Structures are given as C-alpha cells and as structure tokens.
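The values are calculated or read from the model by the stated rules, or taken from the named source; none is laboratory data. This is a predicted model, so every value here is computed, not measured. Reconstructed Cβ throughout: ideal geometry from the backbone, glycine too, with neighbour counts over all protein chains shown. For the accessible areas, the whole protein counts, side chains as well, though only heavy atoms, and no ligand, DNA or RNA atoms are used. Shrake-Rupley method; radii C 1.70, N 1.55, O 1.52, S 1.80 Å.
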Amino acid sequence: MKKIKMLTKISLKYWLHHKRRLFTLMLSLVFGVSALCCTALLVRSEKDAVLEEELRILGNYDGVLYGADDDTAEKLKDDKDIIGLGIQYELGYVQNDSGAKFYAAAFKDKESEDIYHMTCTRGRYPENENEVAMDLYVAKGLGIKPYPNERVTLKLYNAEDKKLTEKEYTVCGIFEKKHDDSHGGWYRYTPNFQEDKYNMPGVYFDISQNDIFKSKSVVCFIQTDIDYPNDIYFRARSLTNDELVFTEVNGRRFSYSYTMGLGQQIYDKYDGNTYTNLDKAIKNNDTIKDFYSQILMPLLTAIIFIIVILSVVGLTKNIIKDKQENFAVLRSLGLEQWHLKLYIFCDFALTALVCIAIGLGLGSLAHIGLVDVLNKMYDLKLHYGFDCVKYVNAVTFDPYVLSFVTTLICVEFSVFIALFSFRGKTPVQMFMQRKTRKRRFRRNKSAGRYRSWKWLLIRRIKLRNVRIAIVSILVMSVALTGYTYFDALARKENFDLTAEKENSGFEYWDYKAEKSSENDTYVFGIENHHEKGLQISSYEDLENKDYVKDIFGRYVCRSTRLSFDKSKLDEQTQYSLKPYELRKFSDIDATSALEYDKAQKESEEAMIEKIGYNKNDLICSCPTIGLFDNSFGELEKFVVDGRIDKQKLHDGTEILLVMDMTAQAKFEKAFKAGDSLPLSDIVLNEKEEQIDFTNIDPEELGEPVYNKIVKKYDGTEIEERSYAIGKRKDINVKIGAILVLDIDAAQKYMTNAAEGDNGLNLFCYAKAFETWKIGKRNLTEVSIKLTSDSEINKADEYWYSIMSDTKGMSSRSSAEITTMINNGTHKTMSIYYSMMIIIALTAAVTIAISLYTDIRMRSRKFAMLRACGMSTRQILFMICRQNLLYPIVGVLCSFVPLMLCNKLFKYIAQKVESGEWSPLLPIFAQGAESVPWINNVPYEYNLYDSNIKAAVIIMLAVYFVIILLVTLPQIRFIRKQSIVDEIEKSSF
C-alpha cells in the first residue's frame, strides 16, 4: 500500500508539474476517441436510414386488420401479444374540378403515424385542421406543385358519396406511396381478393377533420413479435360481429432481414423469416455486414490508430524519459522491474481511461451536431445512432466498445514501444540517462568544398519529421482514394435515375409526360383507352406560352398494321417483314400439326377473320406516329425518296414511311414514294375502349369466336378459346416520302415495331386520325423546354394544372430527377465528407503536437543560429518551407493507393465477367464462387473518371491551410524565445 501511495504521489507530482505535456497527450487521445466514436455512430445512423427506407416501403407493422371500428381497435390494445397498434380512419374521398377521386384518411395519433411509417419525402403529416398531406401523384392530379406550403381547395365527400363541404388547405407534406412498378401500383398493397374492396388513401388529414367526415371505419396496423400473426386475427374476430379481413404483411420482418443482409438464407438455414429465427441468426453471427461496417470502419479504425499512435509514441517516450531518475531511485530502493513496468502501464491506462471518457462524450456531441447539420443541409432525415434496434446493432460495430478497445490498445502499445527502448538498463544508467549509441562513420563526399557558416549550422538541425510525413501521406491517400471511391459509389447507387435522365431526354427537356400503354394492349396488337393522354388543344396552349422555348409532342398508335397479299410480295420482302408479323401461329402446318397446335392456329384465324382480315395475308405491326409541323421541319434532312408535303399530311392523304439505318438495307427496294400502303387500324366500340386488358373478365369480351376442347402434349384436356375485339378500319394513304433516320433521331421519333427493333414506322399529322375517322386521339408524349429567364414557379403551376386534366399520363420534371440524384449523392458523399473532417482534425492535432514538440526539443539549436547572426525571419522561412513540403509529398504518394484500388476494381470486374465470382448468395451463384461483399464495391466504374484535378487542388488548399495553422505555435515560440536564457539553460 505504501508503494502504491508513493507511486501515485510521483505520478500526480509529475503531471501537475508538466501540465502542458499532460494536456498534449490528452488532446491527442481525446481527438482519436471522439473521431472513432463519431464515425461509428454515423455508420449506425446510415444503417438505420437503410432500415427506415425499407420500413417506409413495407410498413412498420406485421399485419393489417381491415373493416374494424373504434370499439374493436380499443379491445385489441388489451391483447398481450400486440406491442404496437396504429389506427387509421377511412374518411371518404376528395375531388378536384375535373372530378377525379382521391381517397382520404387520418391517423389517430403520432404512434399510428409511426407504425404506418409512410414517411413524407418532403415536409410532414398534418398537425392541425388546416393542413393536409398527400401522395405525389395526388398533388400532380390536383394540378398543384408537389411541394409543402402550396394552397389547395378540396371538395370533401364521405364514403356514401355525399358532398360534405369545400375547404382550402395548406399542403404540409408530400409522400410517395404510389409506385407503378409495384404490385397493384402501390408500395403498400392489399391482397388480390381485397383489391376491389379497399381503396388506398392518397390524402391524409388531421384527426380533427373526422368531425366533418364522422367516419367510424378504421384500419388497424398491428405490431407483434410472435412468429405467426394470424393468431391475432382469430382473436380479433371474436371481439366483433363485423366482417374483418386480416392481411399478414411481415413489413418489419422483411425490413429487419434485409438490413441484416439475409435474403433467401433465412429460409434455407432457419426455415422461415420469423423473429425467433432472426434472433438465432444474430446469436450465430450469420448476418452480413455492408460496405460501411465490413470495409470502411476497419479501415478508418486502422488509419486513426496509426495517426494517434504516431503522436502518442513520441509523447510516451519523452514522458518516460523524464521520469527515468525517479525510476532509478525506485529501482535502487528495491522495486522490482516488473512492478515498475506494471506501474507505468497502469499510470498510462488510467490517463487513457479519463481521455476515453471525455472522448466518448465529445464524440457523441459531435455526432449529434453532425447529424443535425447533414439533415439541415441535405434533408437526409438521419436518426441519431445511440438507440438503434438490435437488428441494426448486429451488423454494425458498437461505437463505444470500438473506441474504448482501440484507444486502450493504442496507449498500451505506445508504452510497450517506449519501455522496449529502455530495456536492460541498470538503475545507474537510468539515473545518468545514458543511452548506448552506435558510432556511425560516414565519408563526407563534399569534403573540401566551401560551405557557409549558416549552411554548416542548418545541416545540424534535422527539421524533417518522419511521423508527420507518414501522417500526411496517409491523410492525402485516404482523401483522394476515398473521394474517387465514394464518387463511384454514388454513381452506382444513382445508376437507374441517371439512366432515366439520359434515356428520357431530361438532359435537354425540363418537363416530360408519357402515357403508359402496358395495361391497354391486347393480343393482335389491339390498343384501347384512347381517351388517355394530353389533348391537342392543351398542347397548343403550352406551345403559345412565352416561357416555353421548345416543345415536342407526339401520338404513338401501336395498333396500326400493314396487311399484304403474300402472292404479291417477293421472298426477300416477306423475309424482311416476318419479324414484325402480328400472328403467332401462322407457320403451323395444319395438315401435319398436333391437335393442340392446330387448335391454336384455328383459334387465331377465327379471331382475325372476325375482325376483318384475311387469314392468308401477311399482317405486320407498323406503328403510326402523329407529329406537328415543327417536327416535320427537322425531318427534312432525312428524306431519301420523295418529299414532305405538309398540306397532304394535314389532309391525311399522304404519310411518311420511316426506318432507321439498320432497316434501310432490308426495305430500300420494297417501297417507293408514291406507292399506296395497305394500312389499317382496329376501331373499338365504347364498351371495348374501357376494358382492362390486365384483368380481363371473359363476359366483357362477349361470345368466343372459337371454342374447342383439345388435348395438350401431355394428354391433359384444355379449352381453347379466342375472342374478337374491334373491327378493321382501312386507311387509304400513299407514301409521300421515305426517311432514313440516324441513331439520335430514331431514338427521339420512332418506336419499336417488334421487341428491340424499330422496324417500319409511319409519320403523319397529329390530327390525321380524326380525318381518317378512326376516332380522336390524344397525345401520348409531351416534352417542353423552358426559356432561361422563365418563372419556374409559374411554369410549374401551369404544367401540373394541365396534367391534372389528363388521364393515364405520368409526368416528371428534370428538377425532380436531378433532386433525387443530388439527394442520393449527398447521402453517400456526406459519409465521406464527415469521415474526412474527422480524420483531418485528428491529423491536425497530431501534426501540431509533433511540430511543437520538435521545435521545443531543438530550441537550443535555434538559439545558437540566432546568436550566430541568423534572423528570426530566416528561421521562420526555413521552418515554413519545410512544413509546406509535407502536403506536396502526401499528394504525390496518394496516387499509389488510387492506382492500386482501380486495379482491384478491374480485377473484380474481370472475375465477375468471367463467371468465376458472383455477387449473389451461394444459392443463386449458379456454380460461381459467391462473393457477397463485392455488392458494396462499385467495381464497374473507373476511378479516374472522377474529377481528380479539382479534388487534388482542394486537398492541397485545405492541407496547406491546416499546415499553416499548426505552424503558428512554432512561429510564436521562436518569436518569444530568449537567446540568452535558452543558451544559459542548456549550458549550466
């Protein structure tokens, strides 16, 4: 106990006497701890954001109960298996001036809003009676800009179609629940049997508005940790006499398994995606970490470890060296060597623990500030990384444990190195502070040459610091390679949006609207729902606006076709037209075919004959595209035969035959200008126009034109049917001109006649379809370019007001896509910027400590130089010049890891392309070696495609500023240095 008290007293006395040295050591450790802690917390926040996005799409619940009421919902709260219950009131619907219905709802409370978890991409959900939140498609349908703070007047109706009132609201939030590529057209969907009974709400009011709607119908969103949520449904049915429908959604479970990197694996290894199995996967460490946890954090930990240890090792050596006399006395008094070493380790360990505690606190505060700044700057909606769910914690490092262990190892490793240099010394040697030195004899190659006295003195001062050089190389390498890496990663994550922007022409156009025809196409190339699209009158209104610089519109009619008498066609032309034939079974030989094949051919022939075509004709798809005069002017240069007569195009007597350069060789001799074309279309009646071809009810198609029971190849019997929809309408036109378009023009004007092949297209005047008496056709595509001085708000408002009057068209703006790309880029690059700020600050502290320590250790030499006549300005210039070399050395060396990283990308790409590696899980790898971690690596991109020049210039500028700032203590020390006092202190 006496030894412990004595050793403690020695430590306290030393630290009190050397407060600056203690502060320097603590500063280095605190920055290292806070840097690691802050970054690890940020990685957890990012992973939590991934989980939040999945929950936004799938829902933060396990099941949905439809058709309930208030009483049932209240009773469900008493169920012990339900850990969370969200209640949504089904209010009714709202209408705009054009009569479109948008169904409305309201959350009972904030908990219900969180459980439903359809987070607003802009703004928030209503908090008072005058606010409303709506889906993006609803905002566009109402003709308002899809941004918060817009004012909108809504007509409110209850579920019984009774108009309640008309009221003005402020849009407080925009969410994106509707998604055309998802099942049912929504991110959140109900099962097939329920689609006709439930209308997905796209407008949300505050709960206070239920005083107007007076609705008692609620939907319950249930959270439960039991493996089979259907058990809750059976209990709920016993609580009410109402007809309830329960859907097991598994939104939370799928989101958790996705976050943990488990897909099919959770089913293959654990026999199902249940909470019990997810817990087993965590316990068995079967989770798959993403790029940030698998690569970034270990790499960043190693970098900070190196930076901190380079600073701490030097400080530790100096501290132990200062205490050598005390250690010598203690050894002389009988203290064992291992006791002494244990004391030294414990002394530094206690100091490290204090620094770790302070560093963890500062790192946590820095994380809070960083998340707040990122959310404010880039609207990322990141959560703090302190209290994440266990599924996020399972695939990320614990910020506090990682920081604690890394820093403690760093300090103890530094102490070990320092003690290693004093090994084997006797108490006398330690007291005399002797150090065995090996004499080095070097031949002075410049002997005999004249050198000035200044040179002779300067060469004795070693200003180069290896530790600072290593830190500079490390920081600059991480900065340059990290920038190119994260830039490539951002490009990878934004690939779909970038492709959409490039392929859809948004690099030029500001607004674009297109009609989706997937749900309006039937067999034999029949199209319906021609009322969809933008009216020509609206197009002409847009064209006349002063803020519209350029406009393009067209109507694409894919149902027009050319029917040829095969006897009048040569073999080459028949062969060229064959890929565009609309018939599927024309090549079946009826005399030798099997019963099933023969029935298919007969069924098809019965259909086309009923429509009005000859079964022996060659019927080919030939889309007709309606254009306007400004487009015909641009097409003049592509004419290879005939001429474009706009008057005859307006009259509908002539048409343009168009092909791309790949089709020119096939059709250049088959058609000539002036030839008549066997063109026709399918005209539908009013009932046929409204059929939904994606979910056809046979009763809507009328009586079948062919119906026969036949045997398939395996002997099973099947009923072969066919229906005839519409009637043939011939169009009498001649070819006015033949055009061959280049690649860019073909992409802009043409459409596919067959999959992946433009084939032949016909161009006509947009109003020609009325002249041909086949019905009024609306435009299927419109794009506009604004003038540079246009009022964006005014254009935005008018564009969406026009779109609200259209049917079946989806509109996008260049600003929307650009914003989404920028948000994705900011989210990815913010991790890099945050990481670099942390590393730069840690490196700055290390460099500042090293530079100041060096200048203090060489104070006598600088005093001697000044005493010999060197001015303070010359010494400062010498120091600054040497310090500014570090960034240059760092930049030059930073290209090495960049080159190695790029070669690694090429190697990975080669392995994937050759089929040796697969980024998929083993079950999907199809014989290749499964390497899942490369999913997080943008190996498809060349790192040199990033803006390296700008990055290097910014890096140098920032690092020069850092170096100049950390040089200030050196300058201050030199200027305050007393030559006499320094020499006297060193001599006596």
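A compact table of results
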{"quantity": "Helix-derived mean residue ellipticity, 222 nm - over the chain, DSSP H n ≥ 4, -39500 (n - 2.57), to 500", "calculated": "-15500 deg cm²/dmol"}
{"quantity": "Accessible area, probe 1.4 Å, largest first, for residues T153, T787", "calculated": "T153, T787"}
{"quantity": "The range 144-161 - phi-based ³J(HN,Hα) in whole Hz, Karplus 6.51/-1.76/1.60, Gly and Pro as x", "calculated": "10, 5, x, 9, x, 6, 6, 9, 9, 9, 10, 9, 9, 10, 8, 5, 8, 6"}
{"quantity": "Interatomic Cα distance distribution for the range 93-181, bins of 10 angstrom, percent", "calculated": "16, 51, 31, 2"}
{"quantity": "Probe 1.4 Å - accessible area at K903, Å² to nearest ten", "calculated": "120 Å²"}
{"quantity": "Mean Cα-pair separation over length for the range 723-871, i.e. relative contact order, pairs under 8 Å, 6 or more apart, %", "calculated": "8 percent"}
{"quantity": "For the range 686-760: rounded, prolate or oblate by the Cα gyration tensor [a/c cutoff 1.5]", "calculated": "prolate"}
{"quantity": "Spin-label model distance (nm) - Q572 vs A957, 7 Å beyond Cα toward Cβ", "calculated": "6.4 nm"}
{"quantity": "Between 0 and 90°, nearest 10: helix 399-420 axis offset from the chain longest Cα axis", "calculated": "30 degrees"}
{"quantity": "Fully extended contour minus Cα-Cα distance, from T872 to I696, at 0.36 nm per residue", "calculated": "54.1 nm"}
{"quantity": "Sequence-distant residues sharing a close amide H with T224 (under 5 Å, placed H)", "calculated": "D62, I83"}
{"quantity": "Dmax and Rg, reported as Rg then Dmax, of the chain (C-alpha, Å)", "calculated": "38.4, 121"}
{"quantity": "Relative compactness, the range 307-378, computed as alpha-carbon Rg over 2.2 N^0.38 Å", "calculated": "1.73"}
{"quantity": "Added length on full extension, which subtracts the Cα-Cα distance from 0.36 nm per residue, F416 to K776", "calculated": "120.8 nm"}
{"quantity": "Heavy-atom accessible area order for I288, I356, largest first, 1.4 Å probe", "calculated": "I288, I356"}
{"quantity": "For Y765, distant residues with modelled amide H under 5 Å away", "calculated": "L627"}
{"quantity": "Rounded if a/c under 1.5, otherwise prolate or oblate - the range 266-318, Cα gyration tensor axes", "calculated": "prolate"}
{"quantity": "Degrees between helix 466-493 axis and first principal axis of the chain (Cα, 0 to 90, nearest 10)", "calculated": "10 degrees"}
{"quantity": "Nearest-ten-degree value, helix 872-883 long axis tilted from longest Cα axis of the chain", "calculated": "50 degrees"}
{"quantity": "Accessible surface of the range 113-163 [probe 1.4 Å, protein heavy atoms]: carbon and sulfur percent", "calculated": "41 percent"}
{"quantity": "Against the rule of thumb 2.2 N^0.38 Å, how large the Cα Rg of the range 541-665 comes out", "calculated": "1.44"}
{"quantity": "Ellipsoid semi-axes in whole angstrom, largest first, where each is sqrt(5λ) of the Cα gyration tensor of the range 583-637", "calculated": "39, 12, 8"}
{"quantity": "Mean separation of Cα contacts under 8 Å, 6 or more apart, over the residue count of the range 547-659: relative contact order %", "calculated": "40 percent"}
{"quantity": "Centroid-to-centroid separation of the range 789-842 and the range 733-785 [C-alpha atoms, Å]", "calculated": "32 Å"}
{"quantity": "Charge dipole of the chain about the Cα centre (unit charges at C-beta), most positive-ward option of L943, A349, V219", "calculated": "A349"}
{"quantity": "Residues in the range 855-886 that a label on V980 would reach, taking backbone N under 15 Å of a point 7 Å out along Cα→Cβ", "calculated": "867"}
{"quantity": "Apportionment of accessible area to carbon and sulfur, the range 478-558, percent (1.4 Å)", "calculated": "41 percent"}
{"quantity": "Accessible heavy-atom area order of D945, D271, D697, D510, highest first, probe of 1.4 Å", "calculated": "D271, D945, D697, D510"}
{"quantity": "Near-label residues of the range 793-832 by backbone N, under 14 Å of a point 7 Å along Cα→Cβ of S504", "calculated": "809-822"}
{"quantity": "Relative contact order (percent, whole number), the chain, Cα cutoff 8 Å, 6+ residue spacing", "calculated": "16 percent"}
{"quantity": "FRET efficiency, D742 to D387 (Cβ-Cβ, R0 41 Å, nearest 0.05)", "calculated": "0.10"}
{"quantity": "Point-charge dipole on Cβ atoms (K/R +1, D/E -1) for the chain, about Cα centre, debye to 20", "calculated": "12040 debye"}
{"quantity": "Accessible area of H17 in the full protein assembly, 1.4 Å probe (Å², nearest 10)", "calculated": "140 Å²"}
{"quantity": "Accessible area (Å², per residue) of the chain, counting only protein heavy atoms and a probe of 1.4 Å", "calculated": "50 Å²"}
{"quantity": "Rounded accessible area of I709 (nearest 10 Å², 1.4 Å probe)", "calculated": "100 Å²"}
{"quantity": "Residue pairs, from the table K566/K672; K155/K532; K637/K672; K646/K666; K501/K666, whose Cα atoms sit over 21 Å apart", "calculated": "K155/K532; K646/K666; K501/K666"}
{"quantity": "Gain in span if fully extended, E168 to D496, counting 0.36 nm per residue against the direct Cα distance", "calculated": "114.3 nm"}
{"quantity": "Solvent-accessible area, 1.4 Å probe, carbon plus sulfur percent, for the range 649-717", "calculated": "46 percent"}
